[in-house]
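Encoded as structure tokens, the structure appears first; notes follow it.
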Amino acid sequence: RHIAFFFRFFVWFSLRNMRKHPVRALTVLVGIALGAAVFTSVRLSIHASLDSFTRSMAVIAGRADRVVLRPGGHVPEGLVPLLLRQSSVERVSPLLTTYIRPASKDADPFLLIGFDPILDRFFRDWQIEDSSSQRASWLKMVKDPYTLIIGRSLALKLKRKPNDVITIEHARQNSDFRVVGTLLPEGLALVEGGLVALTDIATFQEFTHLYGLVDRIDVAFKPNTS
């Protein structure tokens with residue numbers, strides 16, 4: 001009886017009112033639908049941004065068991081040989097990151113990663129598009145100062161290919177970097193949607209004037225370490 005009365009009450013007031021004022025009822029329904037759609041889209045975009053950021057941080061973190069950090073500051077590079085002398089430590093890799101931008105007008109920033117290609121191979125995966133020049137490209141990056149290996153998305157956006165030059169702006173200074181290779185869209189090349197560039201850690205330190213300092217040192221322990 002109560003359920004029947006509820007539906008009868010609903011028909012008397014709600015449906016009769018909708019029949020008398022269809023435009024107003026439609027406006028209210030559209031407003032509710034629009035509000036729900038906006039709320040849902042905002043929530044989806046927030047979750048997508050957080051997921052993208054989390055995945056990017058996971059790729060940058062790589063396979064490190066522990067990370068040596070100094071909150072709000074940098075870590076002395078001299079800790080690298082000290083850590084390698086520890087009996088429980090198998091590998092270490094220093095890392096530097098910063099956001100930079102091309103010197104051209106209205107250019108979007110991208111992530112620059114400074115690392116040691118030899119020490120870092122265990123921690124993070126990256127592959128150059130031309131597999132035949134894989135070794136030559138990272139050797140050039142180590143041997144020649146101010147060289148970059150860039151992600152495919154960044155190469156397309158800046159319209160650059162190997163041997164082209166990119167003028168980069170950081171802290172009110174400009175420097176020319178030569179591209180020595182492009183990355184396959186996997187591993188580190190997935191960070192920031194491919195808007196990423198790799199350079200040798202010595203070049204990074206000279207470019208940013210962070211001599212003898214790194215952002216972090218990734219550590220991998222030997223098997224069965226407690």
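The values are calculated or read from the model by the stated rules, or taken from the named source; none is laboratory data. What you see is a predicted model; the values in this text were computed from it and never measured. Using ideal geometry, Cβ is built from the backbone for each residue, glycine included, and neighbour counts are taken over all protein chains shown. When the accessible area is computed, the model is the full protein with side chains, heavy atoms only, and any ligands, DNA or RNA have been set aside. Shrake-Rupley method; radii C 1.70, N 1.55, O 1.52, S 1.80 Å.
Ordering Trp12, Trp138 from largest to smallest accessible area (1.4 angstrom probe), what's the sequence?
These residues rank, largest area first, as Trp12, Trp138.
Identify all lysines with a Cα-Cα distance to Lys140 below 18 Å; exclude those on the same chain that are fewer than 8 residues away in sequence.
Within reach: Lys161.
Using helices alone, I'd like the mean residue ellipticity at 222 nm for the chain: each DSSP H run of four-plus residues gives -39500 (n - 2.57), total over residue count, nearest 500.
-12000 deg cm²/dmol
Tell me the accessible surface of Thr199 in square angstrom (1.4 angstrom probe, heavy atoms of protein chains only), to the nearest ten.
About 0 Å², ignoring ligands and nucleic acids.
Taking a label point 7 Å from the Cα of Ile32 along the Cα→Cβ vector, which residues of region 1-20 have an amide N closer than 13 Å to it?
Correct set: 14-15, 18.
Counting only Cα atoms, I'd like the Rg/Rh figure for the chain, Kirkwood definition for Rh.
1.28
Find the centroid of the Cα atoms in region 57-123 and in region 12-37, then give the distance between the two in whole Å.
Answer, in whole Å: 58.
Rounded, prolate or oblate: which one fits region 149-225, using the alpha carbon gyration tensor with axes a ≥ b ≥ c (rounded when a/c is under 1.5, else prolate when a/b beats b/c, else oblate)?
Oblate, because a/c is 1.5 or more while a/b does not exceed b/c.
Can you tell me the dipole magnitude for region 1-92 around its Cα centre, using point charges on the Cβ only (Lys, Arg +1; Asp, Glu -1), in Debye to the nearest 20?
840
Among Thr208, Ser226, Pro185, flag the residue with its Cα farthest along the positive direction of the charge dipole of region 151-226, charges on Cβ as +1 for Lys/Arg and -1 for Asp/Glu.
Pro185
Largest first and in whole Å, give the semi-axes of region 13-132's equivalent ellipsoid, each being the square root of 5 times a Cα gyration tensor eigenvalue.
Semi-axis lengths for region 13-132 are 55, 19, 15 Å.
Full-extension gain between His2 and Thr40, please, as 0.36 nm times their residue separation minus the C-alpha to C-alpha distance.
Full extension of this stretch gives 10.2 nm more.
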